[in-house]
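Below: the structure, in structure tokens.
The values are calculated or read from the model by the stated rules, or taken from the named source; none is laboratory data. Nothing here was measured: the structure is a model prediction, and the numbers come from that model. A quick note on method: Cβ atoms are made from the backbone with ideal geometry, for glycine too, and the neighbour counts reach across all protein chains shown. The accessibility values were calculated without ligands, DNA or RNA, using every heavy atom of the protein model including side chains. Shrake-Rupley method; radii C 1.70, N 1.55, O 1.52, S 1.80 Å.
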Amino acid sequence: MSTSLTPRIFDRALLRARLDRAAATYGQADFLKRRAAEDIVMRLETIIRDFPAAVDLGARNGAFARALAESDAAARVGLLVETDISQGMLAGRAGVRVAADEEALPFAFASLDLVVSSLALHWTNDVVGALIQVRRALKPDGLFIGALFGGATLTELRQVMLDAEVELTGGAGPRVSPFADPNDAASLLQRAGFALPVADVDRVTVRYDHPLKLIADLRAMGETSVLAERHPRPLTRAVLGRAFELYFERFAGPDGRIPATFEILTLTGWTPSSIQQQPLRPGSAKMRLADALNTVEHPLPRDEG
């Protein structure tokens, strides 16, 4: 849900252009997308219920659909609609596909049983607003599972870019996009009105021979920065070269390769329903905790002060 009060952090038109450009070669660098999609499918395998109508937000090259097709959970998912802000990403494969912006979902109220999203929602200007739209599109007791990048993602690249620019120019601005704080992950679902929210963190370290190969992968993924506020100065070869030197100096392992951290936050939530388990009212327990643990209860002394 985007309003005039929503800060414009990302340039969504630029994101669409970057993804269109990356569509042809996306499969060469989709290892994180596949990892997140396969993890979502594994979670679905533990939930024994049917989902007649499902949507994959930010489907990119269809990693979730492929992982689902190889899983026992496929028999419990009916219609799967793939969406993406990039039409290029959706081209060339079978199935129901809709070009749609995650900030303006086209689905009717209470029309879906399941919504998944792997590594797309971190580009929304208002994550909570997008999640509210998802909740409204889900039926009561509908399920949402979404993965997005967390704050530790590309921490090494962020540090060396900042320090190289300060060293050579005396000042610096953002060159790497911000990501969600893991400590706030579950609260995103709560603020959007989901019940039974759960957040998990998967930290992945990828090793490269050179930072240029990392940047090449980011371009192939369509994951280079699309900050709406452009840096006032163009990135120079001198700053980039110094950043690479710092990357090796600070982070290279014994084999000379450098790490790149990717933090994947997976959020799971259900739309509220009267059939869900509810917490008991305080004082409504039928058994004392001490009896359940077979221990002796010792009252705390009163404060006489």
Notebook entry, point to check: What range in the chain is the longest one free of GluC sites (Glu not before Pro) that are in a loop by DSSP and have at most 12 other Cβ atoms within 10 angstrom?
Noted result: 71-228
Check: Can you give the accessible area of D50, probe radius 1.4 Å, in Å² rounded to 10?
Finding: 100 Å²
Next item on the list: Springs between alpha-carbon atoms under 10 Å, Gaussian network over the chain: tell me which of L19, L168, L214 tops the mean-square fluctuations.
Entry: L168
Margin query: Could you tell me how far the Cα centroid of the stretch 30-55 sits from the Cα centroid of the stretch 201-268, in Å?
Written below: 28 Å
Next item on the list: Could you please state how large a percent of the accessible area of the stretch 1-91 is carbon and sulfur, counting protein chains only and using a 1.4 Å probe?
Entry: 54 percent
Margin query: Test of understanding: in a Gaussian network model of the chain with alpha carbons linked when under 10 Å, which of R219, R76, R136 would top the mean-square fluctuation ranking?
Written below: R76
Item checked: Pairwise centroid distance, computed over Cα atoms, of the stretch 154-184 with the stretch 97-127, Å -> 29 Å
Notebook entry, point to check: When the helix-only estimate is applied to the chain (DSSP H runs of n ≥ 4, each -39,500 (n - 2.57), divided by the residue count), what is the mean residue ellipticity at 222 nm, nearest 500 deg cm²/dmol?
Noted result: -10000 deg cm²/dmol
Checklist line | Amide hydrogen neighbours beyond the local backbone of V81, cut-off 5 Å, H modeled | finding: A54, V55, D56
Check: Taking +1 at the Cβ of each Lys and Arg and -1 at the Cβ of each Asp and Glu, which of T25, A243, A216 sits farthest along the dipole of the chain towards its positive end, judged by Cα position relative to the Cα centre?
Finding: T25
Check: What residue among L90, L14, L131 shows peak mean-square fluctuation when the chain is described by a Gaussian network model with Cα springs under 10 Å?
Finding: L14
Check: Quick one: putting +1 on the C-beta of Lys and Arg, -1 on the C-beta of Asp and Glu, what dipole do you get for the chain around its Cα centre, in Debye to the nearest 20?
Finding: 620 debye
Margin query: From Cα pairs below 8 angstrom and at least 6 apart in sequence, can you work out the relative contact order of the chain, rounded to a whole percent?
Written below: 21 percent
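Would you please name the chymotrypsin sites (Phe, Trp or Tyr not before Pro) within the stretch 1-109 that are DSSP coil residues with at most 11 other C-beta atoms within 10 Å of their C-beta?
Details: sites: F10, Y26, F31, F64, F107, F109; in loops: F107, F109.
Filter output for the stretch 1-109: F109.
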Margin query: What's the magnitude of the charge dipole for the stretch 8-131 around its Cα centre, counting Lys and Arg as +1 and Asp and Glu as -1 at the beta-carbon? Answer in Debye, nearest 20.
Written below: 320 debye
Item checked: Anisotropy class of the chain from Cα gyration tensor, a/c 1.5 cut -> oblate
